[in-house]
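First up is the structure itself, then whatever we jot down about it.
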Amino acid sequence: MEEIIKVNKLTYKYEKENVLEEIDFSVPRGAFLGLVGPNGSGKSTLLKIILGLLKLQKGEVKLFGTAIEQFKEWHRIGFVSQKANSFNSGFPATVYEVVSSGLTKKVGLFKKHKEEDKQKILEAIDSVGLSEKKGSNIGELSGGQQQRVFIARALVSDPDLLILDEPTVGVDAKNVQSFYEMLTDLNRNRGITLILVTHDIGTITDKVSHVACLNKHMHFHGDTEEFEKQNMSELYGHDVQVLLHQHDHHHHHVHHHGGENR
Amino acid sequence: MIEAIFKYEFLQNAFLTGAIIGLIAPLLGVYIVVRRLSLIADALSHVTLAGIAASLLLEKRFLFTTGLNPLYLGMTFSVVGALFIEKLRTVYKHYQELAIPIILSSGIGLGVIFISLADGFNTDLYSYLFGSVSAVSRTDLIIIIIISIVVIAFISLLYKELFLLSFDEEHAKASGIAVKSLHFFFIILVALVIAASMRIVGILLVSSLMTLPVAASIRIAKGFKQTLFLSTLFGEVSVLGGLTISYYLNLAPGGTIVVIAVLILIIVILLKKMVQWKHEVRV
């Protein structure tokens, strides 16, 4: 099984304090990984390193089998940041324009979008269900719709891996469910490997195939089945009651998925 | 007036320069406003003033000629000021806006010293502060044409990259765009356009030409392309309208241009309010 991300003995410090210590983890192709951890656990730092925004200090990171220092195919990784919730909502740009900005690097310097690029942009907008809004200014959309726009922007360059940082913050409860359905669809039907970062363990265990728990160290890393048997107090540092979800038909699939990737 | 334009070279220079500035100042202005850098234009225009004053001083005290075009030193000061702002922004990481008042006051301070050394104000300096139609020379026009070609080439060739940088700098970095160099070229162009615009609208009013048309268009535009288009349209109406009215009524052109830009802004805000109000009544 191809490993899309492989992290080996990664340590990172700000000033003198270690934020990440001896992290080992890997993400196989086709996985839907939930990366959980409390606030300040180093989640964002780990993401920034994987996205090449922070320089490696100690340890190694491989993306698609290439050491990150040599990695050039950044368009294969789509990223939806937490900041997508706090962007300048007065910015005068249409949904179409924002999504098209996801192709900037792929189209290349000094070049304009071709007909096929335009087609791709429309498809990406369609795949998040916003076709009717493509000409609207992004500021006019609801929080959930804005988040979908940013996912469409990440999808437009046909990534193999999509990383989402707290994507449901600012999305109302009513729309969270359909949001997760959309992610599951991307994972299963388009074969996109997903990493979902969140501080909220409860909501994702029935949706993901793998779970990784981070709190400076990587405490747990495996498929969802095993995760549910573990005691959470170790990770959060105090007693936490984890409400496990009844899986129904989901359960079967998650189990199957996890087994496939082992 | 058309007859007069054909007759007098200075009028031709003024109208051509005005038309070009009415296009490129709001064009760069859109990026300045959406990136929340509006005050940079003010800081740089005051640094340009120091450059102009230095040039006038040199001319008067040391060279004893009138051949030196103050635009050159004005542009040099403006570009150096822009570089200092960038440097200061990295020094004060948590107080990035602090760079602007530091550079602005340094510019004024230097400018005032140069002016006093050159024995105070004269008509020449006055025309740089508030703009003047008769002050625009052929050389000025040629410099401005060159700058505008560079600006338009920059924006049309790097349109996608500039959009992404303005909308989401972090994402631009993550997609591997050379954010730093892009921003560097951008800020240099802003410095050049500010220095070039001052002949017509004057140093004290330059920044308004970069922000007022944008402030109006941002209220009503759908999308970024339309914002660019409306901003340049409002810019052109302000400059050409202002020049024409000031010619007939014998008013200061810089002031007239800015007042028209303000009027456009007020009309747009009121129209938008009316449309919203009508919409609410219907709903």
Exercise. So how many residues does the range A:58-72 have that are surrounded by 13 or more Cβ atoms within 10 Å (Cβ to Cβ) and either in contact with a Phe, Trp or Tyr (Cβ under 8 Å, 6 or more places away or on another chain) or at positive phi (or both)?
Worked result: 5
Problem set entry | Odd one out for B:Ile218, checked against (1) away from chain A (no Cβ under 13 Å); (2) within 30 Å of A:Val80 (Cα to Cα); (3) β-branched (Val, Ile, Thr) | (1)
Seminar exercise, completed: With the first residue restricted to the range A:166-180 and required to be farther than 21 Å from A:Asn39 by Cα, and the second required to be surrounded by 16 or more Cβ atoms within 10 Å (Cβ to Cβ) and of a type in the set (Phe, Trp, Tyr), Cβ contacts under 9 Å at 6 or more apart or on different chains are none
Problem set entry | All positions within the range B:86-109 that are buried (at least 19 other Cβ atoms within 10 Å of the Cβ) and modelled with pLDDT of 90 or more | B:Ile103, B:Leu104, B:Gly107
For this session: Say whether the condition of being within 11 Å of chain A (Cβ to nearest Cβ) and over 30 Å from B:Lys272 (Cα atoms) is met by at least one residue in the range B:197-207.
Result: no
Seminar exercise, completed: Of the conditions (1) more than 10 Å from chain B (Cβ to nearest Cβ); (2) more than 30 Å from B:Thr227 (Cα to Cα); (3) buried (at least 19 other Cβ atoms within 10 Å of the Cβ); (4) among the β-branched types (Val, Ile, Thr), the single one that A:Ile77 does not satisfy is (1)
For this session: Answer yes or no: is there a residue in the range A:109-122 that is within 9 Å of another protein chain (Cβ to nearest Cβ), crowded, with 21+ Cβ neighbours inside 10 Å and not in a helix (DSSP H, G or I).
Result: no
Exercise. Here is a list of conditions, (1) within 14 Å of chain A (Cβ to nearest Cβ); (2) under 13 Å from B:Pro26 (Cα atoms); (3) crowded, with 24+ Cβ neighbours inside 10 Å, and B:Leu164 meets all of them except one; can you say which number that is?
Worked result: (2)
Problem set entry | Set B:Ile177, B:Ile143: member being in a helix (DSSP H, G or I) and not acidic (Asp, Glu) | B:Ile143
Seminar exercise, completed: A careful count of residues in the range B:176-196 that are within 14 Å of another protein chain (Cβ to nearest Cβ) and buried (at least 24 other Cβ atoms within 10 Å of the Cβ) gives 0
Exercise. With respect to B:Ile220, is the statement that it is surrounded by 15 or more Cβ atoms within 10 Å (Cβ to Cβ), modelled with pLDDT under 95 and under 21 Å from the mean Cα position of the chain (by Cα) true?
Worked result: no
Problem set entry | Residues satisfying the stated conditions in the range B:1-41, i.e. at pLDDT 90 or above, surrounded by 22 or more Cβ atoms within 10 Å (Cβ to Cβ) and not aliphatic (A, V, I, L, M) | B:Thr17, B:Gly18, B:Gly22, B:Pro26, B:Gly29
Seminar exercise, completed: Result of the Cβ filter at 7 Å on the range B:57-79, keeping first residues that are farther than 25 Å from B:Leu104 by Cβ and partners that are in a helix (DSSP H, G or I) and modelled with pLDDT of 75 or more, at least 6 apart or interchain, is B:Thr65/B:Glu59; B:Thr66/B:Glu59; B:Leu68/B:Ser55; B:Leu68/B:Leu58; B:Leu68/B:Glu59
Seminar exercise, completed: Going through the range A:80-106 in order, the residues found to be at the interface with chain B (Cβ under 7 Å from one of its Cβ atoms) and modelled with pLDDT under 85 are A:Ser81, A:Lys83, A:Phe87, A:Thr104, A:Lys105
Exercise. Which one is nearest to the other protein chains (Cβ to nearest Cβ) among residues in the range B:221-256 that are closer than 17 Å to B:Ser127 by Cα and of a type in the set (Gly, Ala, Ser)?
Worked result: B:Gly242
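The values are calculated or read from the model by the stated rules, or taken from the named source; none is laboratory data. What you see is a predicted model, and the numbers here were worked out from it, not measured in a lab. Here Cβ is always computed from backbone atoms with ideal geometry, including for glycine, and neighbour counts include all displayed protein chains.
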